[in-house]
Amino acid sequence: MNRSRLAAQRLVALFLLGCLLFNFPLLALFNRGGEVFGIPLLYAYIFGVWLALIALMAFAAEREQS
Amino acid sequence: MAKKILIVDDEPNIVMSLEFLMKKAGFEVAVAVDGEEALAQVGRVNPDLVLLDVMMPKKSGYEVCEALRADPARAGMKIVMLTAKGRETEVAKGMALGADAYVTKPFSTKDLVTQVTELLGA
Amino acid sequence: MLQGWVVVLASFAYLGVLFAIAYQADRRADAGRSVIANPLVYALSLAVYCTTWTFYGSVGRAAATGIGFLPIYLGPTLTLALGWFVMAKMVRVAKLNRITSIADFVASRYGKSQLLGGLVTVIAVVGIIPYIALQLKAVSSSFTILLSYPEIVMPAKAGTAPLLNDSAFYVAIVMAIFTILFGTRHLDATERHEGMVAAIAFESVVKLVAFFAVGLFVTYGIYDGFGDVFDRAQESARLSALMTTADTASSYGSWAGLTFLSMLSVLLLPRQFQIAVVENVNPDHIRRAVWVFPLYLFLINIFVLPIAIGGLLQFPTGVDADTFVLTLPMAHQQQAIALLVFIGGLSAATGMVIVETIALSTMVCNDLVMPVLLRMRSLRLHERQDLSGLLLEIRRWAIGLILMLGYIYFRSAGEAYALVSIGLISFAAVAQFAPAVIGGLYWKGGTREGALAGLIAGFLVWAYTLLLPSFAKSGWLPAEYMAHGLFGIELLRPQRLFGLTGLDEISHCLFWSLFANIGAYLGVSLLRAPNAREVRQATLFVDAEERGRVAGWRGGAPVADLLPLAGRFLGPERARDAFERHARSRGLAVVEDLPADARLVQFAESLLAGAIGSASARVMVASVVQEEPLGIDEVMNILDEASQVRAYSHELEEKSRELERATAELREANERLRELDRLKDDFMSTVSHELRTPLTSIRAFSEMLFDDPEIEIEERKRFLGIIVGETGRLTRLINQILDLAKLESGRAEWSTVAVDLAVVVRESAESMGQVYRDKGVALTFDLPAAETVVLGDRDRLTQVLINLLSNAQKFVAAGTGQVRVAVRRAGDVIRVEVADNGPGVPPEERETIFEKFRQGGSVLTDKPHGTGLGLPISRQIIEYFGGSLWVESDPGGGATFIFTLPVFGGDDR
């Protein structure tokens, strides 16, 4: 299996994961009061998932170059 | 008894030189100047050897040779072909038609006399 | 510090810097050292996505809806995850088909339809105008606010200020001029603008830095970090409500709708298409952009909420939340930050306006105006050599027009909406391209009519449910139809279409417009099968990936199947060799050890492709692999290739026919040469024979004289006479052979003069006189009194006459022989006859005696004197001077040799 295709598949998987994580019903789980390290839960969740997703995308896209 | 030689050539000077040579070597000589006359002479003098030029009017040497060899009664008769055309195919053609020797013009007189003597003396 | 002139000066200085960067980048690009051949620059230039909407509007949106600002950035993040798939494919397709805009893309995909290109252009222009208005509004209001420092005063409502006092008007003009200067300096066939991309990447850095500056100031300058900001927000019920979103279906629906909308927009906005696809210099740059661009979006959003909270805490009322980014530093007397923010906003606006208007003007020019102009035959444009001046002119006008339309929209509808809401109207418009573009990339069944129907339906629904209401809300249209529907039909209420409620206006529009769009696109497309042209374009677009993909096989096949297959086309030995090399390259000793994997299949396919073409190779390999059934596209490909092969083989046939002709000619020439060679060979053989004959006599008599000293003197004399005679004969022969060779090869030297033939006859007769007297042959003449002049060579003509006279005396009897020579004029020729009373020439010999070495008559007697070349030479000479030589003879009545030559200076004239 070609590496480029593997990367593409990983990225598609991340896309699907992002679609799930950023939407109802998962979003609803965090749509309530409360804070994480002083940051409102919903924001902490969205920004946290967002950053993790970017890191994984960076990993998937760049890794196969080396 | 002297052996008889028939000289067949259309060149008078060549005939003259051959006649002189053969007579001097002790043979009886008859002459013909073309192919038809040659066949007539053969019947008349019954030579032991024919010196036969190839390029002649009326009948070529090859045709004469072929006709002579077709006659079993003359199986012992020697035939020496003379030709000014020295190409190998012509030599081969002459030999295939049953000539005993093939001499290319211009010939060495000594060699010709030796060859004729050998053919008749053996 | 923040006087008007300082702000204006700073603005122009900033624009000057942009210009310098672009100029420098263009120069470096011309020198071959491109600055944009860098994945980071590409990723940053994609951030042209972040306009004043992001810069000012996000905070406003956050202040109103909390997390509502985020879907606009989460969508693109998700799209970029698909970037490796979709964006890279779009880039490949665009490069393959030389696509210059999204209108071009759609037009090209559906059979290069001008109508589609024009439609996409119209939708794009109409759809983007609100977006441009948004930028004008943001820049002009930030400018107005900044000028009133230290007071914080909201600008007067747009449309109320007189035109000449409206800063937005001047902003529009300055931006139009700047864009024209920036983007239409010269024309590039690829529609690429390296300088612009470099400047846009720089602007992305500027906006991020400016936004960070204000974010850091608010979060850490005014407050004590994120925790502090959020703690304070929790104290207010109004603010704490922003920390969560309404837990309702419509809330999640809107969220998902906006995410989806922004996913499409980041691909389909004309400026995004321009930057991501048209300006892409290397598809590999997408790999970096996949995470750098989302990271940029992440960073520029970190401080949105803190600034929104800070603004709401600072200004409970009276200040538009869209201006918090600027008004917060102003309220804290941070003039430098305020100016930086203004520049950042300016940079966000200029970036968007420049790229968007350049992209739109390209579309307007290429897909709307030029097709129309080119159709107007009276303009005779198709005959003009250089249209680039005209093209640039059209684009400049288009840029100006688009900005003016933006300004008009701003004046008419700008106030009714927040920044983000205006932008979303445009987003919803470009989303209409999605079915045609995305569908066109992955589905081959779409037709031109389908795309047209989808676009029109979607656009109409968009205009009805979103654009017209925006006018209505501003009072430009009667609000009547909003509340009660068109013609008072309740079901047609624009934002409650068919009674649909529970969605915000954007999601509502998005649902209905895409419903109509996709429905029409699919429905109309499926009415008929795509025609050949559409199939060809569809194959080019949909299969663009196939070529780039290295391993296209999911299945495998054993060597035992593949080797014989390859052997059938390559020959068993060559195939075996190739497989052995492949095995060795994989570290295997023998071919049979090769695993039945995709790599082997791939290898076999490429091996076959070299012999029978890629499409056929794929089918052949597929027959062994049995991975997938043969699709219609493959069949099309094979047909395409086959027709190429046919054309090629037609060419080959033509060539082989030519070759056959050439071969036949060669064969013929060769035959002629062979014949000539045979003739030459015969000639040489004959010459050799003729030379040997006198030589034989000479040698025989010489040897006899040499060997035998006893020969009598008389005999000796006779023999020596023969030798002398034969030597003479030999000499003549050699001379004549050389003479004939010269005549035949045309190398003989001739002197052509006027010659009186009667004189030549007399002279020749004199030189032959002794011979005739010796033999006792009578020679008589019949010469006219008149001149018998011809053109010729005196010596050669003498040679002919001597030859004829010599021949004549040879064939007559000594003593009784008679030869008569007559010369007379016959018409316009002089006729010479040499008649004898010899035996004559039999009919069968009358031509052959003129051939070489063919002698006639009684050869034996006179042989030593003839060479058989006299008559051929004579004929050559006579024919050279335009006459002819022949013999007439009655059997027993002698022979008459006749030649004629044209009269010289004859009286016939």
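The table below gives the values:
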read-out	value
Matching option when the condition is closer than 29 Å to B:A84 by Cβ and either surrounded by 17 or more Cβ atoms within 10 Å (Cβ to Cβ) or among the hydroxyl-bearing types (S, T, Y) (or both), among C:R729, C:R796	C:R729
Helices (runs of 4 or more DSSP H) lying entirely in region C:14-130 (those with 3 or more residues that are more than 30 Å from C:T327 (Cβ to Cβ) and assigned by TED's automatic domain parsing to the domain that holds C:L313)	C:39-46, C:71-81, C:86-97, C:102-109
Any hit, region C:240-254, residues being under 30 Å from C:G221 (Cβ atoms), facing chain A (nearest Cβ under 8 Å) and out of contact with any helix residue (DSSP H, G or I) (no Cβ under 6 Å at 6 or more places or on another chain)	yes
Some residue of region C:519-539 being among the aromatic types (F, W, Y) and either in a loop (DSSP other than H, G, I, E, B) or surrounded by fewer than 20 Cβ atoms within 10 Å (Cβ to Cβ) (or both)	no
Answer residue from region A:25-59, given it is outside any helix (DSSP H, G or I) and surrounded by fewer than 17 Cβ atoms within 10 Å (Cβ to Cβ) and is nearest to the other protein chains (Cβ to nearest Cβ) among those	A:G38
Scan of region C:685-708 for residues that are more than 10 Å from chain B (Cβ to nearest Cβ) and modelled with pLDDT under 85, ordered by number	C:V687
Candidate set from region A:1-24 (those that are more than 8 Å from chain C (Cβ to nearest Cβ) and in contact (Cβ under 8 Å) with a residue 12 or more places away in the chain); member that is nearest to C:A256 (Cα to Cα)	A:L21
Top-ranked residue of region C:491-543 - restricted to ones that are in contact with a Gly (Cβ under 7 Å, 6 or more places away or on another chain) and of a type in the set (S, T, Y), ranked as nearest to C:D247 (Cα to Cα)	C:S507
Number of the exception - C:P371 against (1) in contact with a helix residue (DSSP H, G or I) (Cβ under 7 Å, 6 or more places away or on another chain); (2) modelled with pLDDT under 85; (3) more than 30 Å from C:F182 (Cα to Cα); (4) in a helix (DSSP H, G or I)	(3)
Residues of region C:273-330 satisfying the condition of being touching a Gly at 6+ places or on another chain (Cβ under 7 Å), away from chain A (no Cβ under 14 Å) and at pLDDT 90 or above	none
Test set (1) away from chain C (no Cβ under 14 Å); (2) under 10 Å from the mean Cα position of the chain (by Cα) - B:K4 fails condition number	(2)
The listed residue being modelled with pLDDT of 90 or more and over 41 Å from the mean Cα position of the chain (by Cα), out of C:G215, C:G227	C:G215
Residue selected from region B:72-107 under the condition assigned to a loop (DSSP other than H, G, I, E, B) and more than 24 Å from C:T686 (Cβ to Cβ), by the criterion nearest to the other protein chains (Cβ to nearest Cβ)	B:D100
Matching entry among C:L738, C:L757 (being within 24 Å of C:N807 (Cβ to Cβ) and touching a residue at least 24 places away in the same chain (Cβ under 8 Å))	C:L757
Residues of region B:40-71 that turn out to be assigned to a helix (DSSP H, G or I) and among the basic types (K, R), as a count	2
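For (1) part of a helix (DSSP H, G or I); (2) outside the structural domain of C:H193 (by TED's automatic domain parsing); (3) over 20 Å from C:V214 (Cα atoms); (4) in contact (Cβ under 8 Å) with a residue 24 or more places away in the chain, each residue gets a yes or a no:
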site	(1), (2), (3), (4)
C:G310	yes, no, no, yes
C:L313	yes, no, no, yes
C:G318	no, no, yes, yes
C:F324	yes, no, no, yes
C:T327	yes, no, no, yes
C:G344	yes, no, no, yes
C:V355	yes, no, yes, yes
C:I358	yes, no, yes, yes
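The values are calculated or read from the model by the stated rules, or taken from the named source; none is laboratory data. All figures in this text were calculated on a predicted structure; none of them were measured in a lab. No Cβ is skipped: glycine too gets one built from the backbone with ideal geometry, and neighbour counts run over all protein chains shown.
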